[in-house]
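Quick notes on the structure that follows.
The values are calculated or read from the model by the stated rules, or taken from the named source; none is laboratory data. Please read these numbers as outputs of a predicted model, since none were measured by experiment. For neighbour counting, all protein chains shown are included, and Cβ atoms are generated from backbone atoms with ideal geometry for every residue, glycine included. Keep in mind that these areas ignore ligands, DNA and RNA; they rest on the heavy atoms of the full protein, side chains included. Shrake-Rupley method; radii C 1.70, N 1.55, O 1.52, S 1.80 Å.
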Amino acid sequence: MLLENLAYTEVEDYLKKKDIVLIPIGSVEQHSPYGLIGTDFIISEAVARAVGEAMTILVAPTIAYGVSPHHMAFKGTVSLNPNTMMGVISDIVQSFVAHGFKRILFVNGHGGNITPLKTAFKQLKAENIPGYFDVISWYDSNKVRKACKDAFRDKEGRHATPSEVSLTKFTRPAEFATKAVDQKTVAKPKYYWPLSGEEMRSVFPDGRMESAPWLATEEKGRLIMAKAVEALEKKIKEIIKLKIL
Ligand SMILES: [Zn+2]
């Protein structure tokens, strides 16, 4: 159920029955020579749309761009300033609230978005905007984390992970014909956080962070996707039961 394909009259009908909307959000950032720059939003969009279809819940257009300054030393990364992100989130939430939506759930694919999202929600509440505003990342479930860990063990790492690359391989297999496949070593350097773009590139020269993305497969992506969809459906069932004040 995609908002972009509805007429406003159909949104009116939807609001007579339901008050929840899912908004996929990700990032446009390098994912090493092995992964797609769109990885984070491609995954959050695929998970949100699968859940939206299964549960007949409205899914808004994806917010592709995220807060990724630490990837800026790699070509193709596009980053929003955290303040810009908070402004975008606040405006989008208030638009949905104005139409009568009461449960606004961002389905996230990028860790760097979480603090700006939660800060924006706090600001909205400080302004007495009514409703439930939340962010759930596709990997925010013990079962999903276990599936990723079982699949790749100590090669999972922190960025350009074989799990996220598997999910995009499953979603967009044709795009991997031109990506790197060679196997390298997995380094575990000591570093502090956050890092600037140049600092990030000096610690993690090819953009991977402690990961082995060459291990990614479509089949593992299919399995992890099923777990992520199941986990999000379970959380949404709880959210739907919440009494909105
Ligand atoms: Zn990612």
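Of all residues in region 42-99, those satisfying the criterion of being small (G, A, S) and in contact (Cβ under 8 Å) with a residue 60 or more places away in the chain are S44, A46, A48, A50, A54, A73. Scanning region 108-128 for residues that are open to solvent by 30 Å² or more (accessible area, probe 1.4 Å), of a type in the set (A, V, I, L, M, F, W, C) and more than 13 Å from G26 (Cβ to Cβ) turns up just one, A126. Taking region 27-62 as the region of interest, how many residues are within 9 Å of the ligand (Cβ to nearest atom) and either of a type in the set (F, W, Y) or closer than 15 Å to M1 by Cβ (or both)? Count: 0.
Residue-wise test of (1) in contact with a strand residue (DSSP E or B) (Cβ under 7 Å, 6 or more places away or on another chain); (2) buried (at least 20 other Cβ atoms within 10 Å of the Cβ); (3) modelled with pLDDT under 95; (4) part of a loop (DSSP other than H, G, I, E, B).
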residue	(1), (2), (3), (4)
L15	no, no, no, no
V21	yes, yes, no, no
A46	no, yes, no, no
R49	yes, no, no, no
N83	no, no, no, no
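Taking residues in region 109-121 that are over 14 Å from S90 (Cβ atoms), and partners anywhere that are within 16 Å of the ligand (Cβ to nearest atom) and among the acidic types (D, E), the pairs with Cβ atoms closer than 6 Å and at least 6 places apart or on different chains are G109/D40; H110/D40. Could you list, in sequence order, the residues of region 155-179 that are open to solvent by less than 60 Å² (accessible area, probe 1.4 Å), within 14 Å of the ligand (Cβ to nearest atom) and not acidic (D, E)? Hits for region 155-179 are G157, H159, A160, T161, P162, S163, V165, S166, L167, T168, K169, T171.
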